[in-house]
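Visitor: Got a structure for you, written out below as structure tokens; questions coming shortly.
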Amino acid sequence: IEWPKNHDEPNGLRQTECPMRPNEQSNYALPNENTPKIRNIEKIQFGQHLIDTWYFSPYPNEYSQCRIIYICEFCLCHFSCEKQLRRHAKKCTIRHPPGNEIYRDDNVSFFEIDGRRQLKYCRNLALLSKLFLDHKDLKYDIDEKNCETNYNLSCILTLPQHQRKGYGRLLISFSYELSKIEGQIGTPERPLSDLGLTSYYSYWQEAILDICMEAAQNKRELSIEEISVRTSIDTDDVISTLHFLNAFREYKRHIAIVLDHRLIALYKEIKARKKLTIAENRFDPRYKKNVLIVGFAEEN
Ligand code: ACO
Ligand code: ZN
């Protein structure tokens, strides 16, 4: 089911119009003309946190009267009262997302989840995410990665209680590391939210300035194409970031990237910030899909 963009309401609430697209496979109550069109759930309880929601999400109709919904932080199943969640928690054995763990370091793990095999988990994840995303279409049945475009990331979310700790940037960085492994150039799916764009510019600036600084120090020529290939950042995003940084200047009748004092100071400031990073050697080697293992079968 695709959900259209929301409108700002004068009272500060967001309104969503819900077109009906029957989905026979869905066990969830489908929205109809009686489905509430404003932010329907005020808060979620998630683990230790009681979190204010931001936008409408198409949770089943039975939740329409609930101010708070209770979500299992492991399997993301949702309940209308705490008692039900507690009953569920006694039986719920999941302690990490389903799927393959493709990366792990001391602080963080990443899982690759197949939307067709983990339908329930992915639906729960989509419903939870929609509470904090206003501009994305929500697809109940999560398809394979879209291969026709060069999108390397569809949608990121850091739950509010963990925002501004560097996880958004880490997710972005991860998407580009995957693109590098796959030898691809990628870009995030549009449209981006304001917070998404802020986070992307933060990542792009550093990745692009890294290359420009190195080239300038070595007095080497550099093309937009080379920046793109080395960072896996799409050329349009490279150009828009350099515009955003006001780095283009006319020089000897050519367009040049000029690193003035302002940009050098910005670069130093960016480099001084503490960041969560992705270490290339922490990927599950099997993830490098272009590497095939060849061996002889053991003889009995
Ligand atoms: N105000 C100003 N700057 C901010 C804010 C904010 N509220 N939030 C993040 N930033 C800046 C940070 O300062 C940081 O920049 P820096 O590295 O130069 O200091 C950069 O954005 C990234 O910050 P993180 O802490 O890594 O990001 P966070 O974990 O908070 O996640 C995210 C960012 C995912 C966009 C989060 O705000 C969120 O989940 N928002 C709701 C969902 C959403 O809008 N997702 C993006 C949709 S678009 C897409 O996915 C393609
Ligand atoms: Zn659970």
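The values are calculated or read from the model by the stated rules, or taken from the named source; none is laboratory data. As the structure is a computational prediction, the values presented were derived from the model and not from experiment. Cβ coordinates were reconstructed from backbone atoms using ideal geometry, including for glycine residues, and neighbour counts include every protein chain displayed. Areas reflect the complete protein model, heavy atoms only, side chains present, ligands, DNA and RNA absent. Shrake-Rupley method; radii C 1.70, N 1.55, O 1.52, S 1.80 Å.
Visitor: Rounded to the nearest 5, what % of the DSSP beta bridges within segment 37-146 are antiparallel ones? Could the numbers behind the result be given before it?
Guide: Numbers: 10 of 14 bridges.
Beta bridges within segment 37-146, antiparallel portion: roughly 70 percent.
Visitor: Does segment 37-146 classify as rounded, prolate or oblate by the C-alpha gyration tensor (a ≥ b ≥ c root eigenvalues; a/c under 1.5 gives rounded; else a/b over b/c gives prolate, otherwise oblate)? It would help to have the intermediate numbers written out before the result.
Guide: Values: a/c = 1.75, a/b = 1.24, b/c = 1.41.
Here segment 37-146 falls in the oblate category.
Visitor: I'd like the accessible area for residue 251, computed on protein heavy atoms only with a 1.4 Å probe and all protein chains in place. Round to 10 Å², please.
Guide: Surface accessible to solvent at residue 251 totals approximately 130 Å².
Visitor: Can you give me the accessible area per residue for segment 164-280, using a 1.4 Å probe, in Å²?
Guide: Details: 6910 Å² over 117 residues.
On a per-residue basis, segment 164-280 sits at 59 Å².
Visitor: Greater than 24 Å separation of Cα atoms is the criterion. Which listed pairs, 219/268; 180/271; 90/120; 130/271; 180/219; 43/165, meet it? Don't skip to the answer; put the middle values down first.
Guide: Values: 219/268 19 Å; 180/271 22 Å; 90/120 19 Å; 130/271 33 Å; 180/219 26 Å; 43/165 22 Å.
Violating the 24 Å limit, Cα to Cα: 130/271; 180/219.
Visitor: I need the calculated FRET efficiency for the pair residue 277 and residue 90, taking r as the beta carbon distance and R₀ as 35 Å, to the nearest 0.05. Show your work: numbers first, answer last.
Guide: Details: r = 38 Å, r/R0 = 1.10.
My answer for the efficiency is 0.35.
Visitor: Using label points projected 7 Å from each Cα along Cα→Cβ, tell me how many nm separate residue 197 and residue 261, to one decimal.
Guide: Going by the 7 Å Cα→Cβ label model, 3.1 nm.
Visitor: Still on this structure: Tell me which of 228, 209, 187 sits at the most positive position along the dipole axis of segment 164-280, charges placed on C-beta atoms (Lys, Arg +1; Asp, Glu -1).
Guide: Comparing the listed Cα positions along the dipole, 209 ranks first.
Visitor: Let me ask something additional. State, to one decimal in nm, how far the label point of residue 65 lies from the label point of residue 117, with both points 7 Å from Cα in the Cβ direction.
Guide: Result: 4.1 nm between the two label points.
Visitor: A further question follows. Can you pull the percent of segment 37-146's accessible area that's carbon plus sulfur, 1.4 Å probe, other chains left in place? Working shown, then result.
Guide: Details: 2830 of 6170 Å².
Accessible surface attributable to carbon and sulfur in segment 37-146 totals 46 percent.
Visitor: Roll a 1.4 Å probe over the protein heavy atoms and report the accessible area of residue 74 in Å², nearest 10.
Guide: Residue 74 has an accessible surface of roughly 60 Å² with all protein chains in place.
Visitor: Tell me, what is the percent relative contact order of segment 47-87, built from C-alpha pairs under 8 Å that lie six or more residues apart?
Guide: Numbers: 25 pairs, mean separation 11.9, N = 41.
Relative CO of segment 47-87 lands at 29 percent.
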